[in-house]
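Heads up, the thing below is written out as structure tokens.
The values are calculated or read from the model by the stated rules, or taken from the named source; none is laboratory data. Just so you know, these numbers come straight off a predicted model, no measurement behind them. A quick note on method: Cβ atoms are made from the backbone with ideal geometry, for glycine too, and the neighbour counts reach across all protein chains shown.
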Amino acid sequence: MEFFEKQIKESTVYEGLIVNVRRDVAEIKNGRHVPREVVEHPGGVAIVPMTDDGKILMVRQYRYPMERELLEIPAGKLDIGEDPFDCAVRELREETGCTARQIVFLGETYPSPGFCKETLYLYLALELEHGDMDLDEDELLSLEPHPIDDLLAKIMANDLPDAKTIVGIMKAKLYLGL
């Protein structure tokens, strides 16, 4: 590995409900010591649920850090020790009310690797069976079906800025050969 940084010192500066924050010191290739800040997140899943008529079920919800509503693919945080596939099944049911006869793993993505240690596992859900949503107590969202081409146009117009949604939709389109 040509580029590698060795952790010299680790110090937790914040322990939160969802994230922890570390302030580290790392040694880089030339021997210098440099500060590094790391946000630790347990990771999560994001699901592209596609209906039989080719629409993607999207969720619209208010995102406090961004101070606005966002249209996103369903997603959720991994519980400690939870398998990503099991989390995807759970989040799909909770946020859309759906179960899927077929769930395809689309890969992993790092949302912001410059400072955040988080992995998102992406899935495509097909052959959906509709049921009732089972939202968390603090979760308020609406479900909206959108044709994939409309979503791609929104991505290119910067009307769909959520990274996991962009990656998930593009990977699903390529996987399906659309």
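For PRO111, only one of the following conditions fails: (1) closer than 20 Å to HIS41 by Cα; (2) crowded, with 16+ Cβ neighbours inside 10 Å; (3) in contact with a helix residue (DSSP H, G or I) (Cβ under 9 Å, 6 or more places away or on another chain); (4) at pLDDT 95 or above. What is its number?
(4)
Output the residue which, of all residues in region 124-139 that are in contact (Cβ under 8 Å) with a residue 60 or more places away in the chain and farther than 30 Å from PRO113 by Cβ, is surrounded by the most Cβ atoms within 10 Å (Cβ to Cβ).
LEU128
How do the pairs read when you match residues in region 2-14 that are closer than 8 Å to LYS29 by Cα with residues anywhere that are charged (D, E, K, R) and assigned to a strand (DSSP E or B), using Cβ under 9 Å and keeping only pairs 6 or more apart or on different chains?
GLU5/GLU27; GLU5/ARG36
Does ARG93 satisfy being surrounded by 15 or more Cβ atoms within 10 Å (Cβ to Cβ) and not polar (S, T, N, Q)?
Yes; evaluated as a whole, the condition is true for this residue.
Can you tell me which residues in region 140-171 are polar (S, T, N, Q) and either free of Cβ contacts under 8 Å to residues at least 12 places away in the same chain or in contact with a Pro (Cβ under 6 Å, 6 or more places away or on another chain) (or both)?
Of everything in region 140-171, just one residue is polar (S, T, N, Q) and either free of Cβ contacts under 8 Å to residues at least 12 places away in the same chain or in contact with a Pro (Cβ under 6 Å, 6 or more places away or on another chain) (or both), namely ASN158.
Is one or more of the residues making up region 72-84 on the phi > 0 side of the Ramachandran plot, free of Cβ contacts under 8 Å to residues at least 24 places away in the same chain and small (Gly, Ala, Ser)?
Looking through region 72-84, at least one residue is on the phi > 0 side of the Ramachandran plot, free of Cβ contacts under 8 Å to residues at least 24 places away in the same chain and small (Gly, Ala, Ser).
If I go through region 23-51 residue by residue, how many of them are over 30 Å from LEU106 (Cα atoms) and either surrounded by 16 or more Cβ atoms within 10 Å (Cβ to Cβ) or not β-branched (Val, Ile, Thr) (or both)?
11
Kindly indicate whether GLU144 is assigned by TED's automatic domain parsing to the domain that holds MET58, on the phi > 0 side of the Ramachandran plot, part of a strand (DSSP E or B) and loosely packed, with under 15 Cβ neighbours inside 10 Å.
No: the conditions fail for GLU144.
How many residues are exposed (fewer than 13 other Cβ atoms within 10 Å of the Cβ) and either in contact with a Leu (Cβ under 7 Å, 6 or more places away or on another chain) or of a type in the set (Gly, Ala, Ser) (or both) if we restrict to region 154-178?
The number of residues fulfilling the criteria is 2.
Determine whether ARG60 is in contact with a Leu (Cβ under 7 Å, 6 or more places away or on another chain) and modelled with pLDDT of 95 or more.
Judged against the criteria, ARG60 is a match.
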